[in-house]
1. Along Cα-to-Cβ, 7 Å out, sits the label point; list in nm, shortest first, how far the one on A:G210 is from those in the other copies.
2. Kindly give the distances from A:R121 to its copy-mates, label point to label point, with each label point 7 Å from Cα along Cα→Cβ, as nm values to one decimal ordered shortest first.
3. If each label sits 7 angstrom from Cα along the C-beta direction, how far apart, in nm, is B:V151 from its counterparts in the other copies?
4. On a 0 to 90 degree scale, rounded to 10, what angle separates helix B:35-45 from the longest Cα axis of chain B?
5. Return one quarter of the surface area of the convex hull spanned by the alpha-carbon atoms of the range B:1-110, equal to its mean projected area, in nm².
6. Please sort by residue number the trypsin sites (Lys or Arg not before Pro) in the range B:1-81 whose DSSP state is loop and whose Cβ has at most 10 other Cβ atoms within 10 Å.
7. About the Cα centre, and with charges only on the beta carbon of Lys, Arg (+1) and Asp, Glu (-1), how big is the dipole of the protein assembly as shown? Nearest 20 debye, please.
8. Loop only per DSSP, at most 16 neighbouring Cβ atoms within 10 Å: give me the trypsin sites (Lys or Arg not before Pro) in the range B:160-229, ordered by residue number.
2 protein chains.
Amino acid sequence: MAAQILVVEDEAAIQELIALNVRQAGHRPMLAGDAEEGLARVQQTLPDLILLDWMLPGMSGIDFLRRLRTNGRTQGIPVIMLTARAEEQDKLLGLEHGADDYITKPFSTRELNARIKAVLRRRAPQMTEDRVEFGDLVLDPATHRISANGVDLQVGPTEFKLLHFFMTHPERVYSRTQILDQVWGDHVFIEERTVDVHIRRLRSALHPTGHDRLLQTVRGSGYRFTRVA
Amino acid sequence: MAAQILVVEDEAAIQELIALNVRQAGHRPMLAGDAEEGLARVQQTLPDLILLDWMLPGMSGIDFLRRLRTNGRTQGIPVIMLTARAEEQDKLLGLEHGADDYITKPFSTRELNARIKAVLRRRAPQMTEDRVEFGDLVLDPATHRISANGVDLQVGPTEFKLLHFFMTHPERVYSRTQILDQVWGDHVFIEERTVDVHIRRLRSALHPTGHDRLLQTVRGSGYRFTRVA
DNA sequence: CAGAGCGGTGACGATTTTGTGACGCCGACG
DNA sequence: CGTCGGCGTCACAAAATCGTCACCGCTCTG
């Protein structure tokens, strides 16, 4: 996992509490005391997830969310909002404005971690440490290993990330550009055709066990990972 | 593609360079030497994208951006800012103020084009990815698959688009010209009879499962996709 | 029944897209 | 300081797809 998580929360005590939890769950927290600072930090380091307190001094949570969704680079970042129990209708408002989930304060450590994990799993599965497995092809991010039919496969770091992405996003076509954004990162500048080359390297690694069939070319569109044959 | 792009840049040499590149990438550049002129042109023709130099004589890039975001008509226009490598914190400032991306000078032709493409793509309305389904004929744009009776069909990109069009516009006759406009795109210059050929290719792909019956010829008018037999 | 008009069909060359092997660069490591 | 593995690019090969055409058969008309 090791997701970068931005915490936008004005109460120092809660901020610390959350940061501690996040860190213990293996993520990297980043703190902001208000919405403005939050937006600044978002631009600075494009976090993988944002924990957003709904009641903030100055710019409110909803305004924060609006601004976040407006900007092209940040519009896809998942957000979990933190609300007080009394703010029931705000909850709805938040979800309508593109929040991914919410937690009502006070919340337990366990609940927080569960939500984080759930949202990451849904929105950015390749960020999680979950084992992915299709038939006898198994990829384990924790140990950074791939095995097919019980045999370990040898692939480079890039091919690993590529396969991880595809296995967590099966049955869907991705263009070379999308793949570059997702696997290589946002602001990198690389030839599109480089994707082809890595696809090929990955295929040849998968070939001995026949799993290269799962990585299909969709002419004119991109590539697709399929679970069947 | 073919976007109207406003270039706000005071150095004539760079301005020309950018304009040239933009034009070669198939867009229409529009030039402004300073922020004031830029704002005027923005109001004049509402460009699809703005390339904004950060260091400008007179009104600065940030003021330009602020004014741009204030006006309702212009606040949605994506902006890519051009900064010198030394102006790291300006980069952040710009992003906070609603710039969509940045490029540090000096930049390569290819990088410029890549950034432009990326930003435009993010703003562009996504083609609907909803599954279309008639009985046991299913077309899924996300997967880029067509299946009939559960069996995958193999068709080329054009046939795919053609079928997608017909399935989303059933029970209606379209002339060859209309089909060309809708499926191939506006203003392409292609023989009308070419449509026939693709219809035929699509039919023969659909034939094994009998779904070719759904694609009917309307003599003297064009073609129609019908949901019944 | 002949002719005209229209759509179906198979073939073909051109073009576009993808696969592939090789190369040079660079940072990690010894 | 040299080696090595991995990465990004390129140029070329292979493959798939595209747009056109010529020809055919059918249908409608008069």
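1. Result, one decimal in nm: 3.3.
2. In nanometres, ordered from closest: 3.0.
3. Taking the point 7 Å beyond Cα along Cα→Cβ, the inter-copy spacings are 3.3 nm.
4. 30 degrees
5. Here the figure is 6.2 nm², rounded to one decimal.
6. On the way: sites: B:R23, B:R41, B:R66, B:R67, B:R69, B:R73; in loops: B:R73.
Filter output for the range B:1-81: B:R73.
7. Details: 58 positive and 62 negative charges, 367 e Å.
Computed charge dipole of the protein assembly as shown: roughly 1760 debye.
8. Details: sites: B:K161, B:R172, B:R176, B:R193, B:R200, B:R201, B:R203, B:R213, B:R219, B:R224, B:R227; in loops: B:R172, B:R219, B:R227.
Here the trypsin sites (Lys or Arg not before Pro) that fit, given the DSSP loop and packing criteria, are B:R172, B:R219, B:R227.
Readers should treat all values here as calculations from the given coordinates under stated rules, not as data from a laboratory. Keep in mind that this is a model prediction, so the values were computed, not measured. Cβ atoms come from the backbone with ideal geometry, glycine included; neighbour counts cover every protein chain shown.
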